[in-house]
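Structure first, then comments.
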C-alpha cells in the first residue's frame, strides 16, 4: 500500500482529503480521494501496490481486458467502438501528418486499436499488462502485445505516434512512464493521452458516484491543469485537447447503476448529452479528454 505525503505529480505538500468513494466493480471497498491544492490533481490515497492491484481487475465487467459483450452497456460499448476506433485513427494521422508510420499503443487491451492501425499500413507495437488480454489479441487479430514492463526495453526515438487510451491513470510509476514515453517519441512525433476529466459536468453531477473515479484501479484523476503540469515537468507540451464524445454517455450509464444497482438509461443519456453540450462552450470540460502532446522544445 502506498500513502502519499506529497502530491504524486508536482510534489507539493499542500494535499488534503477531498472525499471517499467505492470500488463498485470488484470489492465494494471504500477508498479516499485526496486533492493537491497546487496542481489540482485528485489521487486515490493508500493505493494497493503493483503486486496487490491485480485482484482489483478480476471482473468480466472490465471490458478492455475481457472483450465480453454481455449486458446492454457492454453491447453498446462494442457497437460504438468501431466508430471511436476510426476517429482515433484519423486523429493520429492528422496530428502526426503521416498516413503510414510506427505506432506504440500503451495499454492496448485486446488489440482493437492496433488492428485498426495495422489494417491502414502502420507498423504497430502494443504493450499490455494483462496476460489474458494479450492472449485474446493474438487469437482475434494475430497481434502479440508485449508485457508492459517491456516499455523500458524499446528503442529510443522509434515511434511517430504513442497512444495511451485511458491508461495513464492506472500507472504506478507515473513519472518514470512519462519520461520513457518522451524517450521513445520520434522527432516531430505526437503522444496521445486520453484520461477521464473530473472537472466535467457529469463528474460534478454524480460526485462520488462518478464511475470514472473507478477506485482503486484509477490511481490518478486528472484535470487539464494537472496534466499540463505533469507534461511540462518532463519537457513535453500539451498542444491541444480533443473530446471523447461517447464517454459522457458510457460513464453516466455506469454512474446511474452505482445509485441502485439497476441504472436509469434515459436519465444517463440525458446527463451524458447535457455534459457534452456544456463542454461545447468549454472544451476542457468534456467527460474524457484526449491530450495531444509534443516535445516542448519543438515548434
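The values are calculated or read from the model by the stated rules, or taken from the named source; none is laboratory data. The model shown is predicted, which means the values in this text are computed figures rather than measured ones. Because the Cβ atoms are built from the backbone with ideal geometry, glycine has one as well, and the counts that use them run over all protein chains shown.
Among the residues of the stretch 215-244, which ones are assigned to a loop (DSSP other than H, G, I, E, B) and either touching a strand residue (DSSP E or B) at 6+ places or on another chain (Cβ under 8 Å) or free of Cβ contacts under 8 Å to residues at least 40 places away in the same chain (or both)?
Result: 215, 216, 218, 219, 222, 223, 235, 244.
Could you please find all residues in the stretch 255-283 being surrounded by fewer than 15 Cβ atoms within 10 Å (Cβ to Cβ) and either closer than 24 Å to residue 88 by Cα or under 19 Å from the mean Cα position of the chain (by Cα) (or both)?
273, 277, 280, 281, 282, 283
Pairs only if they're at least six apart or on different chains, beta carbon under 6 angstrom, first in the stretch 65-92 and at positive phi and at pLDDT 60 or above, second surrounded by 12 or more Cβ atoms within 10 Å (Cβ to Cβ) and assigned to a helix (DSSP H, G or I); list them, first residue then second.
Close Cβ pairs satisfying both conditions: none exist.
To keep it simple, each residue is scored yes or no on (1) closer than 24 Å to residue 54 by Cβ; (2) in contact with a strand residue (DSSP E or B) (Cβ under 6 Å, 6 or more places away or on another chain); (3) part of a loop (DSSP other than H, G, I, E, B).
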{"position": "113", "(1), (2), (3)": "yes, yes, no"}
{"position": "117", "(1), (2), (3)": "no, yes, no"}
{"position": "129", "(1), (2), (3)": "yes, no, yes"}
{"position": "132", "(1), (2), (3)": "yes, no, no"}
{"position": "135", "(1), (2), (3)": "yes, no, no"}
{"position": "139", "(1), (2), (3)": "yes, no, no"}
{"position": "152", "(1), (2), (3)": "yes, no, no"}
{"position": "156", "(1), (2), (3)": "no, no, yes"}
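Taking only the stretch 93-129 into account, find how many residues are closer than 20 Å to residue 148 by Cα and in contact (Cβ under 8 Å) with a residue 40 or more places away in the chain.
Qualifying residue count for the region: 9.
Against the condition at pLDDT 95 or above and in a helix (DSSP H, G or I), how does residue 256 come out, does it pass?
no
The rows are residues; the columns are (1) within 19 Å of the chain's Cα centre (by Cα); (2) over 22 Å from residue 253 (Cβ atoms); (3) surrounded by fewer than 21 Cβ atoms within 10 Å (Cβ to Cβ); (4) without any contact (Cβ under 8 Å) to a residue 40 or more places away in the chain.
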| position | (1), (2), (3), (4) |
| --- | --- |
| 157 | no, yes, yes, yes |
| 166 | yes, no, yes, no |
| 172 | yes, yes, yes, no |
| 176 | yes, yes, yes, yes |
| 187 | no, yes, yes, no |
| 200 | yes, no, no, no |
| 203 | yes, no, no, no |
| 210 | yes, no, no, no |
| 213 | yes, no, no, no |
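Considering each residue of the stretch 125-152, count those that are surrounded by fewer than 16 Cβ atoms within 10 Å (Cβ to Cβ), touching a helix residue (DSSP H, G or I) at 6+ places or on another chain (Cβ under 8 Å) and more than 22 Å from residue 172 (Cβ to Cβ), and give that number.
2
Which residues, counting only those in the stretch 11-39, are surrounded by fewer than 20 Cβ atoms within 10 Å (Cβ to Cβ), touching a helix residue (DSSP H, G or I) at 6+ places or on another chain (Cβ under 6 Å) and assigned to a loop (DSSP other than H, G, I, E, B)?
Listed by number, the residues that qualify are 24, 26.
Please tell me if residue 26 is in contact (Cβ under 8 Å) with a residue 24 or more places away in the chain and out of contact with any strand residue (DSSP E or B) (no Cβ under 9 Å at 6 or more places or on another chain).
yes
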